[in-house]
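As structure tokens, the structure follows; a few thoughts come after it.
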Amino acid sequence: MLHKSFFGRGGNCPFHHKSFHTEKTDNMLHGLKMAEPGERLLTIYQKLNDHFGDLKWWPGETPFEIAVGAILTQNTSWKNVEIAIARLKAFNILTPESLFHAKDEIVAELIRPSGYYNIKTRRLKSFLAFLHDEYNESMEGMFKEETWLLRKKLLGVNGIGEETADSIMLYGGYKEIFVVDAYTRRIMERKKIIEDDWSYGKIQRLFMDNLPKDVELYNQYHALLVNAGKHYCKKRPDCRHCPLRSLESNEIV
Ligand code: SF4
């Protein structure tokens, strides 16, 4: 729902898919000289994109719903988040104003299916207070903020870490920021592209310094890595069926 495929499916040249064929982007991409890490990252993208297709990632009808989902999804499955969000909607309080004024006990009860509901209520309320104080409850106003300044501010909100802040900004605000999660780390480590002691910021920079700066690419790439991690690169990897199996000889079988 939020993006179109960056490279499309099955094309040989990733830079010539018709849905991405504009003069501006052509110039941008043909001017690029991909360094080695960039080529490897693009090859991984292409293989996953060919396999999974356009994932229409991140369910959420509004930027605010996406932000709430990003906070609720910490340490739980998306299925549970969907139930919690449906309950907030049914109670008619899934707006910044209503949720800000709702009693903590009510919010906690409604989001109970997402787990850690008291902690998550506090986190939601902290985010809502921030949105209220800084942007008059306007998500649009918040996203007008310069990307790295907004990121810094979001990281100052209780309970919002790097992955949550980046998810809110990329998926809710179409900001050019790459989201790193446990699946990203696992796949990149197993593909020997990163070391196990790399920080979140270092992994994020690897992607952002070596890929074209493009919101739809970042959106779809993260979605592809999550899917690859869920279906193939699990704790016990299923390399035999993984679309990345042909890349080098580092499969774990
Ligand atoms: S080939 Fe194996 S190790 Fe590599 S990404 Fe796929 S499942 Fe993970």
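The values are calculated or read from the model by the stated rules, or taken from the named source; none is laboratory data. Note that the coordinates shown come from a computational prediction; the quantities given were computed from them, not determined experimentally. Virtual Cβ from ideal backbone geometry, glycine too; neighbours counted across all protein chains shown.
Identify all residues within the range 121-144 that are surrounded by fewer than 17 Cβ atoms within 10 Å (Cβ to Cβ) and assigned to a helix (DSSP H, G or I); write none if there are none. Arg122, Ser126, Ala129, His132, Asp133, Glu134, Glu140, Gly141 - these are the residues of the range 121-144 that are surrounded by fewer than 17 Cβ atoms within 10 Å (Cβ to Cβ) and assigned to a helix (DSSP H, G or I). The residues of the range 240-253 that are of a type outside the set (Val, Ile, Thr) and either more than 6 Å from the ligand (Cβ to nearest atom) or at pLDDT 95 or above (or both), listed by number, are Arg240, His241, Cys242, Pro243, Leu244, Ser246, Leu247, Glu248, Ser249, Asn250.
For Asn118, the stated conditions do not hold, so it cannot be described as of a type outside the set (Asp, Glu), modelled with pLDDT of 95 or more, surrounded by fewer than 17 Cβ atoms within 10 Å (Cβ to Cβ) and assigned to a loop (DSSP other than H, G, I, E, B).
Residue under question is Leu170, and the condition is that it be away from the ligand (no atom under 16 Å from the Cβ), crowded, with 17+ Cβ neighbours inside 10 Å and in a helix (DSSP H, G or I); does it hold?
Judged against the criteria, Leu170 is a match.
The number of residues in the range 145-160 being in a helix (DSSP H, G or I) and either over 20 Å from Thr121 (Cα atoms) or aromatic (Phe, Trp, Tyr) (or both) comes to 6. Looking at the structure I just gave you, is Lys213 at pLDDT below 95 and within 16 Å of the ligand (Cβ to nearest atom)? No.
When the range 216-231 is filtered for residues that are touching a residue at least 40 places away in the same chain (Cβ under 8 Å) and within 16 Å of the ligand (Cβ to nearest atom), the ones remaining, listed by number, are Tyr221, His222, Ala223, Leu224, Leu225, Val226, Asn227, Ala228, Gly229, Lys230.
Lys234 is checked against (1) in contact with an Asp or Glu (Cβ under 6 Å, 6 or more places away or on another chain); (2) within 12 Å of the ligand (Cβ to nearest atom) and fails just one. What number does that condition carry? Exception for Lys234: condition (1). Within the range 173-189, being more than 16 Å from the ligand (Cβ to nearest atom) and more than 14 Å from His222 (Cβ to Cβ) holds for one residue alone: Gly173. Of the residues in the range 190-210, none is at pLDDT 95 or above, more than 16 Å from the ligand (Cβ to nearest atom) and touching a His at 6+ places or on another chain (Cβ under 6 Å).
Sub-9 Å Cβ pairs linking a first residue in the range 71-100 that is not assigned by TED's automatic domain parsing to the domain that holds Ala129 to a second residue that is surrounded by fewer than 18 Cβ atoms within 10 Å (Cβ to Cβ) and assigned to a helix (DSSP H, G or I), at least 6 apart or interchain, number zero.
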